[in-house]
Amino acid sequence: MSEGEVRVRVAPSPTGDPHVGTAYQALFNYAFARGRGGKFVLRIEDTDRARSTKQSEEAILESLRWLGLPWDEGPDVGGPHGPYRQSERSEIYREHVNGLLKAGHAYRCFCTVERLGEMRAEQRAKGEMLGYDRLCRSVAAQESQKRANSRESFVVRMKVPVEGHCVIHDILHGEVHKDWASVDDQIILKSDGFPTYHLANVVDDHLMGITHVIRGEEWLNSVPKHLKLYEYFGWTPPLFCHLPLLRNEDKSKLSKRKNPTSIHYYRRAGYFPQALLNFLGMMGWLMPNGEEKFTLEEMCENLKLEDISLGGPVFDRQKLKWLNARYIREDYTDEALHEELERWAINREMNGRIVPLAHMRLQTLADWGYLTAAFFADEVPVNPEDLLMKGKTAEELAGIFQMTIWKLEELQDFSKGFLEILFQELAEKFEVKLKQFTMPYYVALSGRKAWTPLFDSMEVLGSDMTRMRLRRAIDLLGGISGKKLRKLENEYSAMFD
Ligand code: GLU
């Protein structure tokens, strides 16, 4: 690391679809680093062993590549501060936790789940603030060691001051004060020996020489704990810049219920990576000349973190579409557009996947157009009256679609065989014959009652597009209220756990 070099990072957790929020943060980090001749690091934060998957990690890397945001150091390209996957750094975290234990900045907590439950119930009953009561802080060092040696299960917590307040300096938020009394003795090492986000994040940002932490606003509240850890380790903290969160139109935090959030979806729906990046760049930031259409290079040259505005930027899909259309109109000749269409989906590979599905359903070659249109579309026109399942009301069907979406989200392998098993299970649970059960899915996904075979077609359509169309069908059926959704969640757990 050369003196004064800017080093930034994006640190996604591989626990689901590659999220546009990750792209947004990657973009601002990338542009900031490029504009200053700095380095952009990709770190995979996979300490949540139950939720992290290899598929998700690969999808994130692939999506960032598609967007054109290459990283200088990362799990695939390596670099001088690796490994860049937290699951491969356990030893490093353990050493650091041991250091904190030795210095008395952290302690083992042997409290059982039951005890913590009782403690919380009591706090609730008394109307007190919920939080760990620090009982195990008083376990003497020797006893703590003995209990650990005898394999009693424990977590490690950091000591957080019980009074006074912490001052955070943030490039965008300025000075932020937080009372220590509102901060818990955070768990830094879990009973499975894996660190929590807070510890791993601080240790890695330091060891990887990160100079600016540019990330989502939801982490601002965690900064006091992080600053304390920097202090305990005797390290200088990086500069912090917490970006505003992307929002739905109603200003709630961007959620897949109201907007597709997977980068895959936008790719499949025919958006250009440069238009998506441009659009994300507009979220809270403006080019000095006020021009809305700008290149990544222009953003790199002009981005100043101080210029980002904190008003919750709305992820307005109409605007994104408008911008994408400008790219098509202004930047492409017919020939170049032809090439883009081929790259996107109008190609041998895609047709090769569809021909076997359409083969037995074509009467003439000219049937191809209407039969396969749904594979080359974003939204398909659906007549809500065609969304019917025998014996179910529209509201019930909306609920069934929602549960299907949850099931599909859990599906690791979105292929025909697994889809078929999943639908058989669903049909059984809802006590509808498979044939009748699948009817409204044909309509929701293709807009038509007769289509190519359902499970094969879903596989070609892909998980993101399939779920988006089901979500849209739910809207056409009248939507699901927040209250109803919570009820459905409970029913879902009872049905499938
Ligand atoms: N793994 C965290 C996330 O996915 C990273 C937060 C950070 O950048 O510190 O949100």
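The values are calculated or read from the model by the stated rules, or taken from the named source; none is laboratory data. This one's a predicted model, so the numbers in the text were calculated from it and none came from an experiment. Note that we place each Cβ from the backbone using ideal geometry, even for glycine, and neighbour counts take in every protein chain shown. Each accessible area value is taken on the protein alone, full model and side chains, heavy atoms only, with ligands, DNA and RNA left out. Shrake-Rupley method; radii C 1.70, N 1.55, O 1.52, S 1.80 Å.
If I filter the stretch 52-68 for residues that are away from the ligand (no atom under 11 Å from the Cβ) and part of a loop (DSSP other than H, G, I, E, B), do I get at least one hit?
Yes: the stretch 52-68 contains one or more residues that are away from the ligand (no atom under 11 Å from the Cβ) and part of a loop (DSSP other than H, G, I, E, B).
Of everything in the stretch 366-408, what is hydroxyl-bearing (Ser, Thr, Tyr) and exposed (fewer than 13 other Cβ atoms within 10 Å of the Cβ)? Give them in sequence order.
The answer is Tyr370, Thr393.
Checking the conditions here, which among Val97, Val41 is assigned to a strand (DSSP E or B) and farther than 19 Å from Asn278 by Cα?
Val41
Would you point out which residue out of Gly74, Gly104 is open to solvent by less than 40 Å² (accessible area, probe 1.4 Å) and out of contact with any Leu (no Cβ under 9 Å at 6 or more places or on another chain)? Can you show your working first?
Numbers: Gly74 fails: out of contact with any Leu (no Cβ under 9 Å at 6 or more places or on another chain).
Matching residue, one of Gly74, Gly104: Gly104.
For the stretch 446-470, which positions are under 20 Å from Asp17 (Cα atoms) and either part of a helix (DSSP H, G or I) or of a type in the set (D, E, K, R) (or both)?
Residues satisfying the conditions are Met458, Glu459, Val460, Leu461, Ser463, Asp464, Met465, Thr466, Arg467, Met468, Arg469, Leu470.
For the subset of the stretch 76-118 comprising residues that are of a type in the set (Lys, Arg) and within 31 Å of the chain's Cα centre (by Cα), which member is nearest to Pro195 (Cα to Cα)? Even if it seems obvious, please write down each step before you answer.
First pass over the stretch 76-118, keeping only residues of a type in the set (Lys, Arg): 85, 89, 94, 102, 108, 115.
Then keep just the ones that are within 31 Å of the chain's Cα centre (by Cα); that gives 85, 89, 94.
Values: Arg85: 13, Arg89: 10, Arg94: 8 Å.
The selected residue is Arg94.
So, Ala473, is that one open to solvent by less than 30 Å² (accessible area, probe 1.4 Å), part of a helix (DSSP H, G or I), in contact with a Pro (Cβ under 8 Å, 6 or more places away or on another chain) and of a type in the set (Gly, Ala, Ser) or not?
So Ala473 fits the description; yes.
Does Gly4 satisfy the criteria of being open to solvent by 10 Å² or more (accessible area, probe 1.4 Å), in contact (Cβ under 8 Å) with a residue 12 or more places away in the chain, more than 23 Å from Ile187 (Cβ to Cβ) and away from the ligand (no atom under 14 Å from the Cβ)?
Criteria not met by Gly4.
Search the stretch 192-212 for residues being within 12 Å of the ligand (Cβ to nearest atom) and without any contact (Cβ under 8 Å) to a residue 60 or more places away in the chain, and hand back the single one that is surrounded by the fewest Cβ atoms within 10 Å (Cβ to Cβ).
Restricting to residues being within 12 Å of the ligand (Cβ to nearest atom) and without any contact (Cβ under 8 Å) to a residue 60 or more places away in the chain, the top hit is His198.
For the stretch 348-367, what are the residues that are among the hydrophobic types (A, V, I, L, M, F, W, C), more than 20 Å from Arg268 (Cβ to Cβ) and assigned to a helix (DSSP H, G or I)?
Hits for the stretch 348-367 are Met360, Leu365, Ala366.
What tally of residues in the stretch 15-43 results from selecting those that are within 9 Å of the ligand (Cβ to nearest atom) and surrounded by fewer than 24 Cβ atoms within 10 Å (Cβ to Cβ)?
Residues meeting the conditions: 5.
Just wondering, is there one or more residues in the stretch 353-365 that are touching a Pro at 6+ places or on another chain (Cβ under 8 Å) and surrounded by 15 or more Cβ atoms within 10 Å (Cβ to Cβ)?
Yes; the residues of the stretch 353-365 include at least one that is touching a Pro at 6+ places or on another chain (Cβ under 8 Å) and surrounded by 15 or more Cβ atoms within 10 Å (Cβ to Cβ).
Just name the residue that is farthest from Gly311 (Cα to Cα) out of those in the stretch 157-177 that are in contact with a Pro (Cβ under 9 Å, 6 or more places away or on another chain) and buried (at least 17 other Cβ atoms within 10 Å of the Cβ).
Ranking the qualifying residues of the stretch 157-177, first place goes to Val160.
Please determine, by comparing only the residues of the stretch 178-191 that are open to solvent by 40 Å² or more (accessible area, probe 1.4 Å) and closer than 25 Å to Ala148 by Cα, which one is farthest from the ligand (Cβ to nearest atom).
It comes out as Ser191.
Can you say whether Ala148 is open to solvent by less than 60 Å² (accessible area, probe 1.4 Å) and out of contact with any strand residue (DSSP E or B) (no Cβ under 7 Å at 6 or more places or on another chain), as far as the supplied structure shows?
No.
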